[in-house]
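I have placed the structure first, in the form of structure tokens, so that the comments after it can refer back to it.
Read-outs throughout are calculated quantities, based only on the coordinates presented, and are distinct from any laboratory measurement. The structure presented is a predicted model; accordingly, all values stated were derived computationally and were not measured. Cβ: placed from backbone, ideal geometry, glycine included. Neighbour counts: every protein chain shown.
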Amino acid sequence: MLARLKRWLGGQWRVLRSPSRHFSLGFLTLGGFLAGIVFWGGFNTALEVTNTEQFCVSCHEMRDNVFEELKGTIHYSNRSGVRATCPDCHVPHDWTDKIARKMQASKEVWGKIFGTIETREKFLAKRLELAQHEWARLKANDSLECRNCHGFDYMDFTRQGVRAAEVHQRWLETGEKTCIDCHKGIAHRLPDMHGIPQG
């Protein structure tokens, strides 16, 4: 029985090692092309599934903490009916930036596995650190996710408060500051900032 299995495996290995003896080059090319399409389609489908609000709030850590806070903001419910979802603010739209962000976010899987923020108390204890990581990311990419919806070129300063219009014109036009510098806590409550320098 073992000798038979060995002969069969040896035969299979020979076919795989030099398939052109058994299959035409056209068949191999077409097979590789079709396999590539199936792989790419599956990869993109999985990527888009992980890019939905339903996926984000499937973890109770997100659903019971930050998602509950989002529900009370203008980004969730407003007069125009335009609503921002988790990926709108936390995942870039461009494919290469999105892949880079997904690779960064893969570290969050370890947090889920090891229960880093599984309770409200643990979440609150890590909240400042988590917020600082997100603020630094948004600062580094010039608040890209904010600017996907809020275009400086389309702001009507006459409909803004005097202070807001002045600040937007001064800082956004020069590029010295970006959205997240002033709008921390716009969609989620600020963490305890006691003892943290503001600026």
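The stretch 158-199: which trypsin sites (Lys or Arg not before Pro) are DSSP loop and have at most 15 other beta-carbon atoms within 10 angstrom? Before the final figure, lay out the partial values.
Details: sites: R159, R163, R170, K177, K184, R189; in loops: K177, K184, R189.
Listed in order of number, the matching sites are R189.
Could you tell me how many degrees, from 0 to 90 and to the nearest 10, lie between the Cα long axis of helix 2-17 and the main elongation axis, the longest principal axis, of the Cα atoms of the chain?
With both axes taken from Cα atoms, the answer is about 60 degrees.
Tell me, what HN-Hα J-couplings in whole Hz come from the Karplus equation 6.51 cos²θ - 1.76 cosθ + 1.60 at θ = phi - 60° for each residue of the stretch 148-159, using x for Gly and Pro?
5, 10, 9, x, 4, 5, 10, 6, 9, 5, 5, 9
Under a Cβ-Cβ limit of 4.7 Å, which cysteines in the chain have nobody to pair with?
C59, C89, C149, C182
Pairing the Cα long axis of helix 120-140 with the longest principal axis of the chain, what angle in degrees results, from 0 to 90 and rounded to the nearest 10?
Relative to the chain, helix 120-140 is tipped by roughly 90 degrees.
Are there trypsin sites (Lys or Arg not before Pro) in the stretch 12-89 that DSSP puts in a loop and that have at most 10 other Cβ atoms within 10 Å, and which ones?
Loop-located and lightly packed - K71, R79.
Would you mind checking the tilt of helix 25-49 against the longest principal axis of the Cα atoms of the chain, expressed as 0 to 90 degrees and rounded to 10?
Approximately 30 degrees, to the nearest ten.
Which whole-Hz ³J(HN,Hα) couplings does the stretch 67-74 yield from phi under the Karplus relation 6.51 cos²θ - 1.76 cosθ + 1.60, θ = phi - 60°, glycine and proline marked x?
Once rounded to whole Hz, the list reads 5, 4, 5, 4, 4, x, 10, 5.
Given the DSSP H assignment, sum -39500 (n - 2.57) over each helix run of at least 4 residues in the chain and divide by its residue total; what's the result at 222 nm in deg cm²/dmol, nearest 500?
Taking each H run of at least 4 residues, the total per residue is -16500 deg cm²/dmol.
Among G11, G161, G31, which one moves the most in a GNM of the chain with springs linking Cα atoms closer than 10 Å?
Maximum among the listed residues: G11.
What are the ³J(HN,Hα) values, in whole Hz, obtained from phi via the Karplus relation 6.51 cos²θ - 1.76 cosθ + 1.60 with θ = phi - 60°, for each residue of the stretch 94-102 in sequence order, with x given for Gly and Pro?
Ordered by residue, 3J(HN,Hα) equals 5, 4, 5, 5, 5, 5, 4, 5, 5 Hz.
Once the Cβ-Cβ distance between V15 and T96 is put in as r, and R0 is 25 Å, what FRET efficiency do you end up with, to the nearest 0.05?
Given R0 = 25 Å and the Cβ-Cβ separation, E is 0.05.
Considering only C-alpha atoms, what is the centroid distance from the stretch 125-199 to the stretch 31-75, in Å?
Centre-to-centre distance over Cα atoms comes out at 25 Å.
For K177, list the lysines whose Cα falls under 23 Å from its own Cα; do not include residues on the same chain fewer than 8 positions away.
Filter leaves K139.
One quarter of the convex hull surface, Cα atoms only: what value does that give for the stretch 57-182 in nm²?
9.1 nm²
So, counting K/R as plus one and D/E as minus one, what does the shell of residues with Cβ under 12 Å around S143 add up to? Provide the component values of the computation, followed by the final result.
Details: positive: R137, K139, R147, K177, K184; negative: E134, D142, E145, D181.
Combined, the nearby Lys, Arg, Asp and Glu give +1.
So if a site counts as exposed when it's one of the GluC sites (Glu not before Pro), its DSSP state isn't H, G, I, E or B, and it has at most 15 other Cβ atoms within 10 Å, what's the longest stretch of the chain without one?
Answer - 1-117.
F55 versus A136, label points 7 Å from Cα toward the beta carbon: distance in nm?
2.5 nm
Please work out how much length the chain gains when fully extended from N148 to F27, using 0.36 nm per residue of separation minus the C-alpha to C-alpha distance, in nm with one decimal.
Length gained between N148 and F27: 39.1 nm.
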